[in-house]
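Shown next, in structure tokens, is the structure this report addresses.
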Amino acid sequence: MFDSKKSKKILIIAGSRGEYGYIRPIIREIKKTKDFDYEMVVCNMHVLDTFGSSIEEIKKDDVKIGAVVHNTLDGYNRLTMTKSLGIFMMELPAIIERIKPDFILIAGDRGEQFMAAIVGAHMYIPVVHIQAGELSGNIDGAVRHAITKLAHIHLCSNEDAAQRVGKMGEETFRIFNVGAPQLDELVAGEMLSEKEVREKYGIKKNKPSILLVQHSVTEEFDQAEKQMAETMKAVAETGYQTIIVLNNSDAGSKIMRKAVFKYRTPKMKIFENMPRADYAGLMKAAFVLVGNSSSGIIEAPLFKLPVVNIGNRQMGRMRGVNVINVSHNSAKIRLAIQKAISPKFKKQAAKAVSLYGDGKSAKRILDILAKLKIDNKLLVKQLTY
């Protein structure tokens, strides 16, 4: 029987640096209250030297890590990616049984989050899903909506996403429009200043600068190296100073990195990973963000930052007037970069507004969870059609 008087324990799943950006503001809110406790399961690229061992950033934030799972197999192709998810799914039930959480909190659309949703639903533990209902390309889009059918509470970043979840047959009492929690720290100004960024990363003031973040697209795995090469050639041809944050661990990541190092120039600086405050500071200081990261869609409007969004990875997502969409073609990418840094487009980008929240999401999320009664109404899902 659930005791409503005790603090509720939240188990949080983190497998990539993007997810940690969703989760950290919520952990900070948890630390302010006696109503909640938490533990985090850290897995996938967070624990790999190849991807910058970002678990060290988590440790610096004094986060309570309940379990570390080394689930990612070498190879970084479709076969190893799928097997890696299977390993995580096998490890998770015993972790959950030991920690005994009241909620499992998952974020976004990645495979480890999907595995956690499957396990949580089968173990009858409420699954709470951040950023439900958004559209995106790649297998990620299918995974996000599959999570929706398993999750018990849907935390949406805007009304468009909330309506989409409702159209999937989810009961209205499960759906909440709370905004995207990864914006909370940015709205609060928690980032390096432009001066600090220039000094730390060697970016010259008033000279065009590019922030480049591009990931592989799973269904286009066989094109990943060529796609990265097209982007690298375009960026190299501009001659602009460039900060490259390397890609995640999805299928195709290894061959993408091969293209990065093949086409790098002396004006490019490459990083496996960086603190979120640094990345936010770079978004504030850069002239343009290039690639296919969701940060170009969700976070960039806060900085009025022009974005060159390449390919299909963010297909279907709501985007602001600061975004230029382009295919994987070096000539088109180069022209898009030139357009993005032009005074005319910068004036247009300055009109961009956030479509994903107001920076107050974490508190909303905990307020919702504090009021939830864990019973059969919550745990036994019904379709509305």
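Laboratory data are not the source of any read-out in this text; all were calculated from the coordinates shown. Fair warning: this is a prediction, and the values are worked out from it, not measured in the lab. Cβ: placed from backbone, ideal geometry, glycine included. Neighbour counts: every protein chain shown.
Gain in length, Glu159 to Thr33, computed as 0.36 nm per residue apart minus the alpha-carbon separation, to one decimal in nm?
On the way: separation 126, 0.36 × 126 = 45.36 nm, distance 2.84 nm.
Taking 0.36 nm per residue and subtracting the Cα distance, the gain is 42.5 nm.
Ranked highest first by average number of other Cβ atoms within 10 Å, how do 7-14, 271-278 line up?
Answer by packing, highest mean first, reads 7-14, 271-278.
Relative to the present Cα-Cα distance, how much length would full extension add between Lys167 and Leu135 at 0.36 nm per residue of separation?
Details: separation 32, 0.36 × 32 = 11.52 nm, distance 1.34 nm.
Extra length available between Lys167 and Leu135 comes to 10.2 nm.
Say we join alpha carbon atoms closer than 10 Å with springs in a Gaussian network model of the chain; which of Phe221, Phe176, Phe261 then has the biggest fluctuation?
Greatest mean-square fluctuation among the candidates belongs to Phe261.
When N is the residue count of region 189-349, what does its C-alpha Rg come to as a fraction of 2.2 N^0.38 Å?
My calculation over the Cα atoms of region 189-349 gives 0.95.
Mind putting a number on the dipole of region 189-349 about its Cα centre? Charges go on the C-beta only, +1 for Lys and Arg and -1 for Asp and Glu, and I need it in Debye to the nearest 20.
Taking the Cα centre of region 189-349 as origin, the dipole is about 700 debye.
For region 284-301, just list the computed ³J(HN,Hα) in residue order, Karplus coefficients 6.51, -1.76 and 1.60, θ = phi - 60°, integers in Hz, with x standing in for Gly and Pro.
6, 8, 5, 7, 7, 9, 10, x, 9, 6, 5, 5, x, 8, 8, 8, 4, x
Rounded if a/c is under 1.5, else prolate if a/b beats b/c, else oblate: with a ≥ b ≥ c from the C-alpha gyration tensor eigenvalues square-rooted, which is region 63-166?
oblate
If you average the alpha carbon positions of region 102-150 and of region 161-228, how far apart do those two centres end up, in angstrom?
Distance between centres, Cα-based: 18 Å.
Once the Cβ-Cβ distance between Ala188 and Leu79 is put in as r, and R0 is 45 Å, what FRET efficiency do you end up with, to the nearest 0.05? Intermediate values should be presented prior to the final figure.
Working: r = 42 Å, r/R0 = 0.94.
The formula returns an efficiency of 0.60 here.
Could you give the length gained on full extension between Met90 and Ile270, defined as 0.36 nm per residue of separation minus the Cα-Cα distance, in nm?
Values: separation 180, 0.36 × 180 = 64.80 nm, distance 3.49 nm.
Additional length available on full extension: 61.3 nm.
Report, by chain and number, residues whose modeled amide H sits under 5 Å from the one on Asp358, excluding near sequence neighbours (fewer than 5 apart, same chain).
Placed amide hydrogens put Ala180 under 5 Å from Asp358.
Any idea how far the Cα center of region 80-101 sits from the one of region 299-326, in Å?
Taking the Cα centre of region 299-326 as reference, the centre of region 80-101 is 34 Å away.
Please give the charge dipole size of region 102-223, origin at the Cα centre, charges +1 on K and R Cβ atoms and -1 on D and E Cβ atoms. Round to the nearest 20 debye.
360 debye
Report the local net charge at Glu220: Lys and Arg +1, Asp and Glu -1, summed over other residues whose C-beta lies under 13 Å from its C-beta.
Numbers: positive: Arg78, Lys226, Arg313; negative: Asp140, Glu219, Asp222, Glu225, Glu230, Asp250.
Local net charge: -3.
At 10 °C and a viscosity of 1.306 mPa s, what translational diffusion coefficient does Stokes-Einstein give for the chain, taking Rh as the Kirkwood radius over Cα pairs? Give it in µm²/s as a whole number.
Estimated via Stokes-Einstein, D reaches 75 µm²/s.
Once each part is reduced to its C-alpha centroid, what is the distance from region 367-385 to region 238-295 in angstrom?
41 Å
Which one, Ile298, Ile337, Ser327, is farthest towards the positive end of the dipole of region 189-349 when Lys and Arg carry +1 and Asp and Glu -1 on their Cβ?
Most positive-ward Cα: Ile337.
Between Ala259, Ala94, Ala180, find the one with the highest GNM mean-square fluctuation for the chain; connect C-alpha pairs within less than 10 Å.
Of Ala259, Ala94, Ala180, the Gaussian network model singles out Ala94 as fluctuating most.
Pairs Lys64/Lys258; Lys258/Lys360; Lys31/Lys304; Lys32/Lys254; Lys149/Lys373: which exceed 30 Å Cα-Cα? Each step should come with its number before you reach the end.
Numbers: Lys64/Lys258 36 Å; Lys258/Lys360 40 Å; Lys31/Lys304 32 Å; Lys32/Lys254 41 Å; Lys149/Lys373 20 Å.
Where the Cα-Cα span goes over 30 Å, the pairs concerned are Lys64/Lys258; Lys258/Lys360; Lys31/Lys304; Lys32/Lys254.
Around His122, with a cut-off of 14 angstrom between Cβ atoms, what is the net charge of the other residues, counting Lys and Arg +1 and Asp and Glu -1?
Once all neighbours under 14 Å are counted, the net charge is +1.
Among DSSP bridges having both ends in region 243-385, what percentage is antiparallel? Round to the nearest 5.
Of those bridges, close to 0 percent are antiparallel.
Would you please give the FRET efficiency between Lys6 and Lys149, computed as 1/(1 + (r/R0)^6) with r the Cβ-Cβ distance and R0 = 30 Å, to the nearest 0.05?
The calculated FRET efficiency here is 0.50.
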